[in-house]
Each structure stands twice: as C-alpha cells, then as structure tokens.
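Student: Okay, here's the structure, questions in a sec.
The values are calculated or read from the model by the stated rules, or taken from the named source; none is laboratory data. This is a predicted model, so every value here is computed, not measured. Note: ideal-geometry Cβ built from the backbone for every residue, glycine included; neighbour counts use all protein chains shown. Remember, those area values only see protein heavy atoms, side chains included, never the ligands or the DNA or RNA. Shrake-Rupley method; radii C 1.70, N 1.55, O 1.52, S 1.80 Å.
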Amino acid sequence: MSSDPLLTFLSPPLPYFIESNRNTYPPGGEHPNRRNIGVFDLLFVHSGMLYIGEESRTWELGPGQMVILRPDRWHYPVKPCSEHTVIDWVHFQTAGLWEELDENNCGTLRGDYYSYAIRLPKSMTLPFPEEAISLFGKLHEAARGTSHSAFWQRQQWFLHLLQLFDEGWRT
C-alpha cells in the first residue's frame, strides 16, 4: 500500500455527482485558491503539470494522475503551471459516513453483508488513464444535459469512475 491516505466512504448511501468540467490552464495559470467548499474536488490531469496543495500537503500531478481534495479543507495552487495544462474536475458529495486514513490507521468504517466500504486513494497514477479519460468525457457530456435520463447517466458515469479508482489502487 502506498503512503498516500485513503478516503473511505461507507455505502449506501453512495457518493453522488454534483458537477464536472474540463479546464485548460496556460503557462502561469493555476487552480483556484479555496477553503471549505463543501464538496469533494476530484482533479485528473490530461496533460501538463498541476501543482496543488491541501492544508500542509502538496502534489505535483502529471498526465494520468489524480487527487481528491476534501470538502472541509483549504486547497490552493502551490505554484503556477509551467506549461499548457489540461485537467478534468468533478465535484461530488456523500450523505453517508466517510473518513480519511493514513498508512498508520486502519479506520473505523467497514463493509458488511448490507454495505460496502468504498476506498479511494487520495492520489494515484492510473494504470490505464485512457479509460478514465473516456469516462470523464462521457460524464461532462451528460452533465450538460437537463433531462431526467441525463441525471441518471451522470450518476452512472460518476459511479463507474469511482469503481475504476477503487479497483485501480488495489491492483
């Protein structure tokens, strides 16, 4: 297991999608500086480098890497992008219990016959980023829809993305 913390969500209820988009930062551009935004902020880098921090922890994310920032913490740009950088972002939330675990803490949330403990890495390099890129594209397209079916499609693509991350760190 890596030294990065794991976020654990006891489910049901499942984490749910709120909004998503793709951002492009030119050299000198940077992710917004925000505090306590009330939603999880999942960032995935397509190309370039993103320098991001949460409280006292920092990451240099390159292509195929992701990080999940907490809803109750300060996150900020560590430094501006040094090259053209493209990221996908997803805001999501859960009505259920969740916790963040480091390598020295096994946590309190456990799945059983009726529930599942979704474990997502705080950050990771995806072994097959093409699948995530495809899912992000489908998610963004569904996010622009306003029909009832678009709502269900957004939630399904989002859960598929979480499944990809949950299974990805275990391999």
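Student: Please return the longest range in the chain lying between exposed loop sites, taking trypsin sites (Lys or Arg not before Pro), DSSP loop only, at most 12 other beta-carbon atoms within 10 Å, and leaving the sites out. Walk me through the numbers before you get to the answer.
Tutor: Values: sites that count: R110, R144.
The longest uninterrupted stretch comes out as 1-109.
Student: Just to confirm, what accessible area per residue do you get for the chain at 1.4 Å probe, in whole Å²? Present the calculation step by step, with values, prior to reporting the outcome.
Tutor: Working: 8680 Å² over 171 residues.
Accessible surface, normalised per residue, equals 51 Å².
Student: Another question, then. Please report the net charge: other residues with Cβ closer than 11 Å to the Cβ of Y116, K and R +1, D and E -1.
Tutor: Numbers: positive: R110, R119; negative: D112, D166.
Charge balance near Y116 sits at 0.
Student: In addition: How charged is the neighbourhood of G137? Take every other residue with its Cβ under 10 Å from the Cβ of G137, and add Lys/Arg as +1 and Asp/Glu as -1.
Tutor: Numbers: positive: R22, K138; negative: D88, E141.
Around G137, the charge tally is 0.
Student: How much net charge surrounds E60 when only other residues with a Cβ under 15 Å from its Cβ are counted (Lys, Arg +1; Asp, Glu -1)?
Tutor: Neighbour charge sum, excluding E60 itself: -1.
Student: Oh, and also: Take the solvent-accessible surface of the protein heavy atoms, probe 1.4 Å, and return the percent of it on region 72-171 that carbon and sulfur atoms account for. Show your work: numbers first, answer last.
Tutor: Numbers: 3150 of 5670 Å².
Using a 1.4 Å probe with all protein chains present, region 72-171 comes out at 56 percent carbon and sulfur.
Student: Could you state the orientation-averaged shadow area of the convex hull built on the Cα atoms of region 1-120, in nm² to one decimal?
Tutor: On the way: hull surface 30.6 nm².
The number I arrive at for region 1-120 is 7.7 nm².
Student: I'd like the projected area of region 118-171, averaged over all directions, using the convex hull of its alpha carbons. Report it in nm² with one decimal.
Tutor: Values: hull surface 15.3 nm².
Here the figure is 3.8 nm², rounded to one decimal.
Student: Report the Cα centroid-to-centroid distance between region 41-105 and region 119-158 in angstrom, as an integer.
Tutor: 16
Student: If each of D72 and W152 carries a label point 7 Å out from its Cα toward its Cβ, how far apart are those two points in nm?
Tutor: It is 3.5 nm.
Student: So, one more: What percent do you get for the relative contact order of the chain when only Cα pairs under 8 Å and 6+ apart count? Write out the running numbers ahead of the final one.
Tutor: Working: 368 pairs, mean separation 54.3, N = 171.
Normalised by residue count, the contact order of the chain is 32 percent.
Student: Please identify the longest segment of the chain free of exposed GluC sites (Glu not before Pro), where exposed means a DSSP state other than H, G, I, E or B and no more than 16 other Cβ atoms within 10 Å.
Tutor: 104-171
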